[in-house]
Amino acid sequence: MPNHHLFFDLDRTLWDFETNSENALKQLFDEKDLLGKIPSFEKFLKVYKKQNSILWHEYGKGNITKEFLRIARFSDTFAQFQISDTQLAEQFDTDYLTISPQQTSLLPNTHESLAYLKKLGYKMHIITNGFKEVQHVKLEKSNLKHYFDLILCSEEAGTNKPNKEIFAHAIEKTGAKPHDSVMIGDDYEVDVLGALRFGMHAVHFDPTNKRPARKGEWRVLDLNQISGILPWIFR
């Protein structure tokens, strides 16, 4: 097999971010005894997801810092419930970053697919926009780290996906060539378009079937479909 490289996103592609994050937030919501101050955990979660999404979008564009995002996602959420408590927001953030990466729920067929791809001889790596201090813990706790040669967090590259520089950094670190590399991720704009603009191949992981593939694009609904399409991508 030629020197083919597979670059995976982590959150929402392998690691079940929604389930793991919700479990961690529910634990903190109960520990901080927020019921009464906030009508329900479900309402808290809905507001948090909205605020968090807005801030991550801004972080991805380089408009805000990691430090600002970490505190603001909770302080902005609490503000929606008329809670103004910077100390609570800071403690929530600290505890969330401790508890969340300890969670181990994965997307279906993660281990099976990665083990099979490794057996086939593909070199595999991670490119993630997530925070360095938590992404490595997620990989360790979920027993995923051994599949990958390079684990590249955006902080180390100095830029986020979809910027070309982070893909260039990954290619340089691994000794791969763009035309022999595939980026696999759930975010069409960030993972797929970012990789394609750099000259890599890309596969959109779309388990909820949100976005049908356009002509010339590669898409999978389940991770176990990846091995079947790679020979066609590299032909």
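Of the residues that make up the stretch 5-20, is at least one part of a helix (DSSP H, G or I), in contact (Cβ under 8 Å) with a residue 60 or more places away in the chain and in contact with a helix residue (DSSP H, G or I) (Cβ under 8 Å, 6 or more places away or on another chain)? Break it down stepwise before answering.
Residues of the stretch 5-20 part of a helix (DSSP H, G or I): 17-20.
Subsequent filtering for residues that are in contact (Cβ under 8 Å) with a residue 60 or more places away in the chain retains 19-20.
Keeping just the survivors that are in contact with a helix residue (DSSP H, G or I) (Cβ under 8 Å, 6 or more places away or on another chain) gives 20.
There is at least one residue in the stretch 5-20 that is part of a helix (DSSP H, G or I), in contact (Cβ under 8 Å) with a residue 60 or more places away in the chain and in contact with a helix residue (DSSP H, G or I) (Cβ under 8 Å, 6 or more places away or on another chain).
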Members of the stretch 74-127 found to be assigned to a helix (DSSP H, G or I), of a type in the set (Ser, Thr, Tyr) and surrounded by fewer than 17 Cβ atoms within 10 Å (Cβ to Cβ), listed by number:
Thr86, Thr94, Thr98, Tyr116
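Of these, Ser142, Ser154, which one is under 30 Å from Lys26 (Cβ atoms), small (Gly, Ala, Ser) and modelled with pLDDT under 95? Before you say what the answer is, go through the steps one by one.
Working: Ser142 fails: modelled with pLDDT under 95.
The match here is Ser154.
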Considering (1) within 17 Å of the chain's Cα centre (by Cα); (2) at pLDDT 95 or above, say which one Asp76 fails and leave the rest.
(1)
Scanning the stretch 140-184 for residues that are in a helix (DSSP H, G or I) and among the hydrophobic types (A, V, I, L, M, F, W, C) gives Ala157, Ile166, Phe167, Ala168, Ala170, Ile171
Looking at the stretch 57-65, is at least one residue modelled with pLDDT of 95 or more, assigned to a helix (DSSP H, G or I) and outside the structural domain of Leu114 (by TED's automatic domain parsing)?
no
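Working only within the stretch 43-69, note down all residues that are of a type in the set (Asp, Glu) and surrounded by 12 or more Cβ atoms within 10 Å (Cβ to Cβ). Walk me through how you get there before you give the answer.
Step one: of the stretch 43-69, the residues of a type in the set (Asp, Glu) are 58, 67.
Scanning the stretch 43-69 gives a single hit, Glu58.
The values are calculated or read from the model by the stated rules, or taken from the named source; none is laboratory data. Since we're looking at a predicted model, the values are computed, not measured. In this analysis, Cβ positions are derived from the backbone assuming ideal geometry, glycine residues included, and neighbour counts consider all displayed protein chains.
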